[in-house]
Structures are given as C-alpha cells and as structure tokens.
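Visitor: The structure is given below, and queries will be raised subsequently.
The values are calculated or read from the model by the stated rules, or taken from the named source; none is laboratory data. Please read these numbers as outputs of a predicted model, since none were measured by experiment. In this analysis, Cβ positions are derived from the backbone assuming ideal geometry, glycine residues included, and neighbour counts consider all displayed protein chains.
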Amino acid sequence: MKKDTIRFFRACCGYTQKEVAEAVDISVKRYASLENGETEPTDAELAAFARLYGVSLTTFTQEDYLNDTFSISTAFDPALFPTAGQQAQAEEYLNRLTQEEKSLLRQYRMLSDDEKEKAAEAVRALLHKDP
C-alpha cells in the first residue's frame, strides 16, 4: 500500500513527518493523513516523494513494493538462474532471509550506484577488521 511505502521511506531516512511535509510542500496534517492511509496521495505528491528520496515514481505506484515475500523476479535478474532447479534453490535462500535482512536489501536497492559502492566498501571493511 502507498501509505506503507511512504512511512517506510520516512522511517528509513530518519525524517519526522514535519520534515517530509515541509520538503514536499504539504501540511503536516496532510502528510499524516497520507501516512495513515486516510487519504490517497496525488500524482504530484508521489512525484515529490520520489524526488525527495531519489527513487523512481514507480516505487510509490507499484502496490507490492514492500511485500514481505521476495521472489527471484523481484530480488535478482532471472537470467542469473536459467534452470528451474537453480530458481528453486535461489527462492529457498530468499525465503530464509529474516525481516531485517529483507529490509536491508530493500534499503540497499534504493541507493545510488555510488552509495551502493560505499556500502559495499563499508561491509568489506567490517568483515576484514581484526577483533
């Protein structure tokens, strides 16, 4: 649902409702009603959210963006797993991810290419750090 996606991005970025409302030029009351699902966002508001968070507009228009069920088609390029057996193994792996791991993967996918590289460098540094 759009309200969940709107709330998800705000929470991931650590913004308050007031900060987001000001950034997209709407009232806090209006923003709260969007996040609570009391009203639907306009196309202009969705575009403003997409600009604010640096994501495509489809992030806010596709209904299953925050679906808890990951699949090969949404998590990876299906061409990486050409056979049914490989796809089944990959699906099994994805189903073992915790909610936190799924959330981190979703957040990672929202990063720009440069930000993804920085995140990868940070993870590599943590893995190679001496205790």
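Visitor: Filter segment 23-69 for residues that are more than 13 Å from the chain's Cα centre (by Cα) and modelled with pLDDT under 80 and give the result. Full working, then the answer.
Guide: Step one: of segment 23-69, the residues more than 13 Å from the chain's Cα centre (by Cα) are 23-48, 51-52, 69.
Scanning segment 23-69 gives a single hit, THR69.
Residue-wise test of (1) part of a helix (DSSP H, G or I); (2) within 23 Å of SER103 (Cβ to Cβ); (3) among the aliphatic types (A, V, I, L, M).
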residue	(1), (2), (3)
ARG7	yes, yes, no
TYR15	no, yes, no
TYR31	yes, yes, no
ALA48	yes, no, yes
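Visitor: Looking at (1) assigned to a loop (DSSP other than H, G, I, E, B); (2) buried (at least 18 other Cβ atoms within 10 Å of the Cβ); (3) without any contact (Cβ under 8 Å) to a residue 12 or more places away in the chain, which is the one condition that is false for THR39?
Guide: Unmet condition: (2).
Visitor: For PHE9, indicate whether it is closer than 22 Å to GLU115 by Cα, of a type outside the set (Val, Ile, Thr) and either surrounded by 11 or more Cβ atoms within 10 Å (Cβ to Cβ) or modelled with pLDDT of 70 or more (or both).
Guide: It is true that PHE9 is closer than 22 Å to GLU115 by Cα, of a type outside the set (Val, Ile, Thr) and either surrounded by 11 or more Cβ atoms within 10 Å (Cβ to Cβ) or modelled with pLDDT of 70 or more (or both).
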